[in-house]
1. Take D225, D259, D112 and sort them by solvent-accessible surface of the protein heavy atoms, 1.4 Å probe, largest at the top.
2. For D257 and D199, compute 0.36 nm times the residue count separating them, minus their Cα-Cα distance, and round to one decimal in nm.
3. Tell me the accessible surface of W9 in square angstrom (1.4 angstrom probe, heavy atoms of protein chains only), to the nearest ten.
4. Between T222 and Q166, what is 0.36 nm times their sequence separation minus the Cα-Cα distance? Round to one decimal in nm.
5. Got a sec? Charge dipole of segment 72-225, +1 on Cβ for Lys and Arg, -1 for Asp and Glu; which of G115, Q142, W223 is way out at the positive end?
6. State the dimensionless ratio Rg/Rh of segment 13-168 (Rg: radius of gyration of Cα atoms; Rh: Kirkwood radius).
7. Which of (1) 155; (2) 201; (3) 133 is the computed volume of the Cα convex hull per residue in Å³ for the structure on display?
8. Leaving out ligands and nucleic acids, and using a 1.4 Å probe, what accessible area per residue does the chain come to in Å²?
Amino acid sequence: MNWSDLLQWEGNPLSQQAQVYEQQAQAVTNASEDLSDRANGLSGSGQTVTAAQQALRKNVEEMRKQAESLHSLATISGDAAKGADEIGKAARKLDQDAADKSIKIGADGSLDYVGKKGSSITDAIKIASDMGAVSDRVSAIQVVANELVEDTQKNIAAVESGGQPQAGGDAGSRLNRMKLPPKGASPDEVAKWWSSLTDAEKAEMVKRHPREIGNLNGVEATWRDKANRKSLEEDIKNEQNKYNKLEQARQSGNLSDADKEELDKTKKRLDAMNNIKATLDRQGKF
């Protein structure tokens, strides 16, 4: 879902369509009631009258089903309108909040820091933290937007095939669910929060917060397993990068005694983590 598209989302067009469906449903309902009255008002007896009544009542039943379908489409459109409005507002607010932090969100959701970069480590950490927070929020909004589109399409298809639409989730509450639970949350509170997420939302949380999810009591073991594996992969990558830099310095003769000691420690940590990964790969689980 392109970020530039989400910035344009609003609920008014869908709300208007919902009203059209509701008006059509009411018109069909009125017509079916009128036809039902005519069927019941037929006088006389015999096969001809009975056949006419049966035909009229069959038409009444079909019209009632059509009215139900139109009413369902009105509900689907109304839910989609509310969701689109909340998502659009959230996207526009985040876009402005990011701009206030000198962060530009690209059309595809990518981020670019456009402000003056400080020279201190503190400045660099602050910029990285802001970028990470904005990236998490962009991803969460995109996930919810994709789910809204998929749910709407599934519900429309269900109605068209004669079925019933599923109860849709509120976009605002979905966006709130895509936040980590507060520190100090009990395992029961975490479990309740985790169970409220869809599989797509759970996967996104693991992608964005593997270390936190892996350490959360209350999260399902299979998802903690995925999160811990991702954390281990990231740790190995970071440790490997550190080792490569130290080794390059050693080969060029620019390594201090302290760095030599750190090189040995890094190599041991890297070997240990790779051994853990190899063991997990063989076992297939944590």
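1. Details: D225 30, D259 60, D112 85 Å².
I get D112, D259, D225, largest accessible area first.
2. Values: separation 58, 0.36 × 58 = 20.88 nm, distance 4.95 nm.
Gain in length upon complete extension: 15.9 nm.
3. Roll a 1.4 Å probe over it and W9 shows about 50 Å².
4. Working: separation 56, 0.36 × 56 = 20.16 nm, distance 2.69 nm.
Working it through step by step, the gained length comes to 17.5 nm.
5. G115
6. Details: Rg = 26.8 Å, Rh = 19.8 Å.
A ratio of 1.35.
7. (2)
8. On the way: 17550 Å² over 286 residues.
Spelled out: the 1.4 Å probe surface of the chain, per residue, equals 61 Å².
The values are calculated or read from the model by the stated rules, or taken from the named source; none is laboratory data. The structure displayed is predicted, hence computed values, not measured ones. Positions of Cβ are backbone-derived with ideal geometry, glycine not excepted, and every protein chain shown enters the neighbour counts. Side chains included, ligands, DNA and RNA excluded: accessible areas come from the protein's heavy atoms. Shrake-Rupley method; radii C 1.70, N 1.55, O 1.52, S 1.80 Å.
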